[in-house]
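Engineer: Below is a structure I'd like to ask you about.
Just so you know, all these numbers are worked out from the coordinates, no wet-lab data involved. For clarity, every value in this text was computed on a predicted model and none was experimentally measured. Note that we place each Cβ from the backbone using ideal geometry, even for glycine, and neighbour counts take in every protein chain shown.
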Amino acid sequence: MREQFHDHYLVLGLDPGCSADDVRSAFRKRLLEVHPDKTVHPIDPDAMRTLLDAFEVLSDPDSRESYDRVWQLIAGKNPDLSAIPHVTESERPAARARSILFLLLEERNEEALERFQELEPGARILLRDHLTSGEFVDACFLLGEIEENRKNFKGALEWYEDLIRVEQPRTQKRPCYSEARERAQRLLLRRTKMPIDPRVGLEFLRRAELLGLDRAGRAEVAKKRAICYLEMEMKVEAARHFQESIRLQPRTKGIDRLRAALEGYLEDE
């Protein structure tokens, strides 16, 4: 995915051979151009995030060294992408974490997964601690996508929820945030269709609801809650959620059997 590679030097208007002082000076100059409090002109809402990511990578010697090697492969003059494994031979945690991200960006998924598994236990923490926040979010999305394609829905959900936890507090969210949230919602609701303890099902529904749902989604969650409470023989609570589901979507599928099971507990009866 070359389009996901960010040329941090281009963002700061610098050459790769620039000094650390050049990086700081260019960052301060660009900050005045994109900071919403310093300009009266509308700006790209992602401009500040892109600038901060560039400075975070290039101002740290270790992350810049790793980045420079990949820059030479992708943005520089060396087109030989097979050289990436050589770039990632370093045993330093930051280099090992970034090697996984760069393999993901080049869609070398099996190699990325192998390297990730070699770092277990604690591989997820290593990525979080040694990638920039933006890079970690990208890695989470790509790893979630891989796991979803491999039908490992539990693993995919974990990656999407990690992404959401990082991005949710931010005012300017990365483009993949909305899609990750939709995928997480779908996977959470999917898990409630499996034979599981109703208490576990209620927790999945709670997590799906926290991600924000449209009217149809809220109706589905209310109906599923009614089913969970019915399985727990809590008919008063089940009836309450059933009626909420009907209020939100009167023609919800599969309500006749549920209505019959709750006969005598519904307000309109």
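Engineer: Considering only LEU248, PHE55, TRP71, whose Cα is most displaced toward the positive end of the charge dipole of the chain, charges sitting on Cβ of Lys, Arg (+1) and Asp, Glu (-1)?
Structural biologist: LEU248
Engineer: Would you mind calculating the relative contact order of the chain from Cα pairs under 8 angstrom and at least 6 residues apart, reporting the percent as a whole number? Before the final figure, lay out the partial values.
Structural biologist: On the way: 262 pairs, mean separation 27.4, N = 269.
Over the chain, the number comes to 10 percent.
Engineer: To continue, here is another question. Hey, rough spin-label estimate for LEU213 and SER59, points 7 angstrom out along Cα→Cβ, what's it come to in nanometres?
Structural biologist: Distance between label points: 4.2 nm.
Engineer: Quick one: order ARG124, ARG257 by neighbouring beta-carbon count within 10 Å, fewest to most.
Structural biologist: Working: ARG124 18, ARG257 9.
With the sparsest Cβ surroundings first, the list reads ARG257, ARG124.
Engineer: Starting with the highest mean, order 140-150, 57-67, 192-202 by the number of other Cβ atoms within 10 Å, averaged over the residues of each peptide. Don't skip to the end; give the middle numbers.
Structural biologist: Working: 140-150: 20.3, 57-67: 18.1, 192-202: 13.6.
The peptides rank, most packed first, as 140-150, 57-67, 192-202.
Engineer: Residue farthest toward the positive end of the dipole of the chain, with Cβ of Lys/Arg at +1 and Asp/Glu at -1: which of SER19, PRO121, LEU163?
Structural biologist: In the chain, that residue is LEU163.
Engineer: For ARG240, ARG128, ARG215, which order do you get if you count the other beta carbons within 10 Å of each Cβ and list the fewest first?
Structural biologist: On the way: ARG240 19, ARG128 15, ARG215 9.
By the 10 Å Cβ count, ascending: ARG215, ARG128, ARG240.
Engineer: State the number of lysine pairs found in the chain whose Cα atoms come within less than 16 Å, restricting to pairs 8 or more positions apart or on distinct chains.
Structural biologist: For the chain, qualifying lysine pairs total 10.
Engineer: Going by a ≥ b ≥ c, the root eigenvalues of the Cα gyration tensor, does the stretch 198-261 fall in the rounded group (a/c under 1.5), the prolate group (a/b larger than b/c) or the oblate group?
Structural biologist: Values: a/c = 2.16, a/b = 1.11, b/c = 1.95.
Oblate is the answer for the stretch 198-261, as a/c is 1.5 or above yet b/c matches or exceeds a/b.
Engineer: If you don't mind, there's one more thing I want to ask. I'm spelling it out carefully: the read-out is Kirkwood radius over Cα pairs in Å, the candidates are [x] 19.4; [y] 21.5; [z] 20.4, and one was derived from this structure. Which label?
Structural biologist: [y]
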